[in-house]
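Report on the following structure.
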Amino acid sequence: QVELAESGGGLVQAGGSLRLSCVGQTRRVEPYRMTWFRQAPGLEREFVASISGSDRSTTYADSLKGRFTIFRDGAKNTVYLQMNNLKPEDTAVYYCAAKSGVMTFERRFYPYWGQGTQVTVSS
């Protein structure tokens with residue numbers, strides 16, 4: 001069982017930055033593919049970014065490329081999401097998730113989830 005805990009959310013003005021963290025609390029997450037999703041009110045949870053456990057290759061939602069960066073620190077057992085130039089439409093609860101194996105955008109294939117952290121971007 002992989003237990004994950006997100007942190008780093010908060011209220012920020014448009015154009016600002018936040019760094020979200022996702023720490024593995026019970027097991028090392030280094031072998032797992034780690035992915036960030038987000039869910040805005042009234043909308044479905046959507047893919048944000050993913051990083052592999054093997055070669056640390058990354059994948060981003062097309063609309064977020066250039067503003068968001070995912071990276072991981074094995075020593076801290078943590079995956080990060082650096083978010084720059086934030087916009088009001090980035091307001092959502094951000095979740096990290098873990099899975100073994102290949103990349104997928106589909107949240108149903110991720111067995112392990114954190115509780116989420118709220119990000120609110122004011123205009």
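The string of couplings for segment 76-86 from the Karplus curve (6.51, -1.76, 1.60, θ = phi - 60°) is 9, 6, 9, 10, 10, 10, 8, 10, 10, 6, 5 Hz, one whole number per residue in order, with x for Gly and Pro. Accessible area per residue for segment 69-123, computed on protein heavy atoms with a 1.4 Å probe, is 49 Å².
Under 5 Å between amide hydrogens, built in the peptide plane, is the criterion, and for K99 it picks out R33 among residues at least 5 positions away or on other chains.
Of the residues P31, P41, P111, the one that moves most in a GNM of the chain with alpha-carbon contacts below 10 Å is P41.
The modelled label-to-label distance between K87 and F71, using points 7 Å beyond Cα along the C-beta direction, is 2.4 nm.
Per-residue accessible area (protein heavy atoms, 1.4 Å probe) orders V119, V102, V23 as V102, V23, V119, starting from the largest. Take Q118, project a point 7 Å from its Cα along the Cβ direction, then tell me which residues of segment 8-43 have their backbone nitrogen under 14 Å from it. Answer for this model: 8-12, 39-42.
Applying both filters, DSSP loop and at most 13 other Cβ atoms within 10 Å, to the trypsin sites (Lys or Arg not before Pro) of segment 64-123 eliminates every site. For the chain, modelled as a GNM whose springs connect Cα atoms under 10 angstrom apart, the maximal fluctuation among A49, A61, A92 occurs at A61. Annotation: amide H of G16 within the under-5 Å range of L86, sequence separation 5 or more or interchain, hydrogens built in the peptide plane.
A 1.4 Å probe run over the protein chains yields, for segment 9-52, 49 Å² of accessible area per residue, whole-number rounding.
The values are calculated or read from the model by the stated rules, or taken from the named source; none is laboratory data. These numbers were taken from a predicted model, which means no experiment stands behind them. So basically every Cβ, Gly included, is an ideal-geometry build from the backbone, and we count neighbours across all protein chains shown. Side chains included, ligands, DNA and RNA excluded: accessible areas come from the protein's heavy atoms. Shrake-Rupley method; radii C 1.70, N 1.55, O 1.52, S 1.80 Å.
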